């Protein structure tokens with residue numbers, strides 16, 4: 001199977017194209033449904049920091065990015081388990097694990113100011129009278145010089 005990377009190729013299409021991946025599609029869809037249900041019973045910040053990773057028997061495995069989110073999920077364990085329960089997979093317990101590297105996407109790299117903006121700050125620095133604003137602009141320029 002030769003598939004060129006493209007932002008327009010959907011994951012579902014990739015999974016269905018290869019038989020070895022096709023078996024993962026139903027499980028991925030089930031986990032997506034479970035994560036949507038999970039997001040309805042916990043606060044939004046907790047839902048962003050945690051993911052339902054698997055159902056093992058009657059226990060849902062939830063990975064959280066930090067201890068605070070994990071603590072909140074543990075505090076709401078009964079309600080979360082009730083929300084995750086499905087007809088084909090009853091959930092009666094939660095196993096919550098902290099995996100700081102697992103859940104959150106990487107932060108985008110900060111871009112520096114464009115050359116035109118730095119030039120404008122230099123001009124501003126030259127024309128400002130002495131004071132707090134001039135000091136702040138000078139500190140900004142000093143940080144950008146390295």
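Yes or no: residue 143 at pLDDT below 90, exposed (fewer than 13 other Cβ atoms within 10 Å of the Cβ) and under 32 Å from the mean Cα position of the chain (by Cα)?
So residue 143 fits the description; yes.
Based on this model, can you work out whether residue 126 counts as under 30 Å from residue 143 (Cβ atoms) and not in a helix (DSSP H, G or I)?
no
Under 30 Å from residue 26 (Cβ atoms), within 24 Å of the chain's Cα centre (by Cα) and modelled with pLDDT under 90: which single residue out of 70, 100 fits that description?
Only one candidate qualifies: 100.
Every residue in the range 86-96 that is over 10 Å from residue 58 (Cβ atoms) and assigned to a loop (DSSP other than H, G, I, E, B), please.
Hits for the range 86-96 are 86, 87, 88.
Among (1) touching a strand residue (DSSP E or B) at 6+ places or on another chain (Cβ under 7 Å); (2) over 28 Å from residue 13 (Cα atoms); (3) in a helix (DSSP H, G or I), which single condition is residue 83 missing?
Failing condition for residue 83: (1).
The values are calculated or read from the model by the stated rules, or taken from the named source; none is laboratory data. Since this is a predicted model, take the numbers as computed values, not measurements. Positions of Cβ are generated from backbone atoms using ideal geometry, with glycine treated the same way; all protein chains shown enter the neighbour counts.
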